[in-house]
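The structure under discussion appears below in the form of structure tokens.
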Amino acid sequence: MAAADTLAERAAPARQDASHAAADDFAWRVLILLNLFRLALSLVLFGVYSFATDPRIVGGADPALAWRALVGLLAFGVISLVLLHTRSPGIRFQTYFQFAADLASLTVLTHASGGVDSGLAGLLVVTVGALALLVEGREAFLLAAVAALTLLAEQLFAELQGLTTVQEFVPAGVLGAVIFVITGVVQLLRKRIVATELLAEQRGVDLRNLVELNEYIIQHLRESIVVVDGEDRVRLINASACQHLGASTDVTGRELATISEALAERLRAWRADASFDRWTSAFAARDGATTIQPHFAPLGADREGGVLIFLEDTSLIEERVQQVKLAALGRLSASIAHEIRNPIGAMSHAGQLLAESTTLSPEDLRLTDIIRVNAQRVSQIVESVLTLSRRGKTRRQRLNLADWLDAFAREYTQTLDLYEGAVTVSAPDRTIEAPMDPTHLHQVVWNLCDNAVKYASAAAGAISVELSCGVLETSNRPYLEVADRGPGIPPELAEQVFEPFFTGQPGGTGLGLYISKELCERNGATLRYRPRPGGGSAFRVIFADPDRWLASEEPQ
């Protein structure tokens with residue numbers, strides 16, 4: 001509503017400004033055309049004066065005076081040409097200047113050619129009629145009256161000189177009446193033109209306001225929108241799409257591939273294949289923390305023309321799915337707590353008592369050991385599920401990542417009694433800060449390091465975990481990375497590792513990475529996996545932008 005009110009407030013003055021601008025432009029065009037007519041007329045009359053000498057049509061009564069009148073008419077045309085080019089003085093002055101110049105030159109030329117009978121006075125109809133388009137009622141008829149009276153005065157002066165007779169007052173009066181009639185008709189035409197111009201300008205302003213409103217709506221939509229033409233050039237993109245693609249706002253006309261090669265590649269695949277599977281076309285946004293799912297809609301009859309592209313942030317969908325999963329896990333955890341934990345505890349205790357018997361054979365002791373190990377595994381699963389259901393309020397703090405990693409590495413190494421150098425820290429920039437609950441971050445990194453130790457030690461022959469931190473160049477968001485030199489994760493399983501109960505190691509619960517990802521998302525962060533160059537795995541925690549994080553915005 002605020003945007004609509006603002007546009008409405010600006011609409012009235014915008015219409016007025018547009019109307020004045022249109023009226024001025026129309027007036028200048030009329031003055032320019034009239035002056036071109038004046039220059040052309042003066043050249044034609046010069047030709048008639050020079051070649052039609054017997055009998056002389058122009059200047060028959062006084063050739064010398066006619067010559068001076070023609071020179072004056074041409075000079076007025078040249079002067080007006082300069083004034084119209086500079087548009088100075090204003091329209092009103094130049095209107096009356098041209099009227100006075102034509103009235104004086106043509107009246108003198110008419111007198112030098114023998115009076116009204118020469119027909120040259122009729123040329124004033126063009127001048128008065130054209131200028132009547134530029135002035136309103138009374139002023140227009142004032143010009144007509146001045147022209148008519150000037151013709152009668154010229155006729156009277158010519159009669160006094162003996163150049164004409166009394167009978168020629170009739171055509172002079174008729175010409176004056178014609179000038180008045182033409183002026184009246186032009187005034188009616190002027191009103192119609194002005195009304196049409198105002199209506200056209202009003203429609204134009206309304207259209208511009210509508211375009212501006214549409215632009216405002218598109219730019220402020222939560223949905224990300226990109227419109228490309230048949231040559232894959234960007235024609236429209238809103239701010240949300242620019243943010244996802246890491247592009248500036250001024251990219252209209254550029255090829256889509258120069259903004260996002262991943263999106264351009266999927267668009268080409270969609271154009272070429274009618275059975276294109278949009279659900280497998282997701283790609284990572286430029287900030288490295290968001291997954292984008294493109295949806296393509298042709299703007300024409302086929303896929304070769306313009307295309308409207310919706311960029312969907314899959315994190316919103318994933319969040320809803322995770323909420324459903326959490327709700328289901330919450331209900332499940334209550335049942336587990338009451339129905340499974342107690343029987344498992346009884347079984348584990350019974351197995352321990354049985355193992356203390358002195359009459360058991362080694363084979364029987366191995367069976368009791370199996371009971372103990374699997375009871376512990378089930379208890380661990382129960383505890384992990386209960387941890388998900390009873391996570392408390394998030395208390396984010398601004399943490400210095402380098403100092404935090406140094407302290408964590410010492411604690412982890414001492415707790416697991418690892419050899420020196422098993423866990424290394426790489427933090428070239430000691431000033432990087434990130435917003436996150438320190439308890440949650442501790443649990444996340446501990447889980448990631450445990451995985452690295454379990455999976456990487458057997459493959460590499462020695463434990464080697466590298467902790468590092470930095471800032472993403474594309475989004476200026478800080479990150480923390482846990483990397484190892486283990487066997488890595490097959491590409492087809494890279495996304496499944498974050499699913500609950502998915503595990504690639506016998507005896508694992510499959511909840512460590514899932515809980516870690518949930519904790520990250522509760523803090524506005526993202527946990528992502530990437531293959532480590534040279535072999536191994538790298539899990540990266542991409543934090544929320546610390547410059548945009550506010551304590552009042554933390555989730556409850």
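The values are calculated or read from the model by the stated rules, or taken from the named source; none is laboratory data. As the structure is a computational prediction, the values presented were derived from the model and not from experiment. We place every Cβ from the backbone using ideal geometry, glycine too, and count neighbours over all the protein chains shown. Side chains included, ligands, DNA and RNA excluded: accessible areas come from the protein's heavy atoms. Shrake-Rupley method; radii C 1.70, N 1.55, O 1.52, S 1.80 Å.
In table form, for the structure just shown:
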| read-out | value |
| --- | --- |
| Boolean, GLY504 is in a loop (DSSP other than H, G, I, E, B), open to solvent by less than 40 Å² (accessible area, probe 1.4 Å), modelled with pLDDT under 80 and under 30 Å from ILE371 (Cβ atoms) | no |
| Residues of segment 415-443 satisfying the condition of being within 26 Å of ARG485 (Cβ to Cβ) and of a type outside the set (A, V, I, L, M) | THR415, ASP417, TYR419, GLU420, GLY421, THR424, SER426, PRO428, ASP429, ARG430, HIS442, GLN443 |
| All helices (runs of 4 or more DSSP H) inside segment 168-285 with 3 or more residues being open to solvent by 60 Å² or more (accessible area, probe 1.4 Å) | 169-219, 261-272 |
| Tabulated pairs, segment 463-492, first farther than 21 Å from ASP450 by Cα and among the β-branched types (Val, Ile, Thr), second open to solvent by 20 Å² or more (accessible area, probe 1.4 Å) and not in a strand (DSSP E or B), C-beta under 8 angstrom, 6+ apart or interchain | VAL471/ASP429; VAL471/ARG477; THR474/GLY246; THR474/ARG286; THR474/ASP287; THR474/GLY288 |
| Only one of THR368, THR358, THR387 that is modelled with pLDDT of 80 or more, among the hydroxyl-bearing types (Ser, Thr, Tyr) and either open to solvent by 50 Å² or more (accessible area, probe 1.4 Å) or assigned to a helix (DSSP H, G or I) (or both) | THR368 |
| Among the residues listed as LEU106, LEU142, LEU152, LEU160, the single one being open to solvent by less than 50 Å² (accessible area, probe 1.4 Å) and either touching a helix residue (DSSP H, G or I) at 6+ places or on another chain (Cβ under 6 Å) or free of Cβ contacts under 8 Å to residues at least 12 places away in the same chain (or both) | LEU106 |
| Meets criteria (out of contact with any Ser or Thr (no Cβ under 9 Å at 6 or more places or on another chain), under 30 Å from GLN167 (Cα atoms), modelled with pLDDT of 90 or more and surrounded by fewer than 20 Cβ atoms within 10 Å (Cβ to Cβ)) for ALA40 | no |
| Some residue of segment 463-473 being more than 27 Å from GLY246 (Cβ to Cβ), open to solvent by less than 60 Å² (accessible area, probe 1.4 Å) and modelled with pLDDT under 80 | yes |
| Complete set of residues in segment 392-421 that are basic (Lys, Arg) and open to solvent by less than 50 Å² (accessible area, probe 1.4 Å) | ARG396 |
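Table: residues versus (1) part of a helix (DSSP H, G or I); (2) within 30 Å of ASP229 (Cα to Cα); (3) at pLDDT below 75.
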{"site": "ARG303", "(1), (2), (3)": "no, yes, no"}
{"site": "PHE310", "(1), (2), (3)": "no, yes, no"}
{"site": "LEU316", "(1), (2), (3)": "yes, yes, yes"}
{"site": "GLU319", "(1), (2), (3)": "yes, no, yes"}
{"site": "VAL324", "(1), (2), (3)": "yes, no, yes"}
{"site": "ARG331", "(1), (2), (3)": "yes, no, yes"}
{"site": "ALA334", "(1), (2), (3)": "yes, no, yes"}
{"site": "ILE344", "(1), (2), (3)": "yes, no, no"}
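One line per residue, one yes/no per condition, for (1) of a type in the set (S, T, N, Q); (2) at pLDDT below 85; (3) under 26 Å from ASP302 (Cβ atoms):
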| position | (1), (2), (3) |
| --- | --- |
| LEU188 | no, no, no |
| ILE193 | no, yes, no |
| ARG203 | no, no, no |
| LEU213 | no, yes, no |
| ILE218 | no, yes, yes |
| ILE237 | no, no, yes |
| SER248 | yes, yes, no |
| VAL251 | no, yes, yes |
| SER275 | yes, yes, yes |
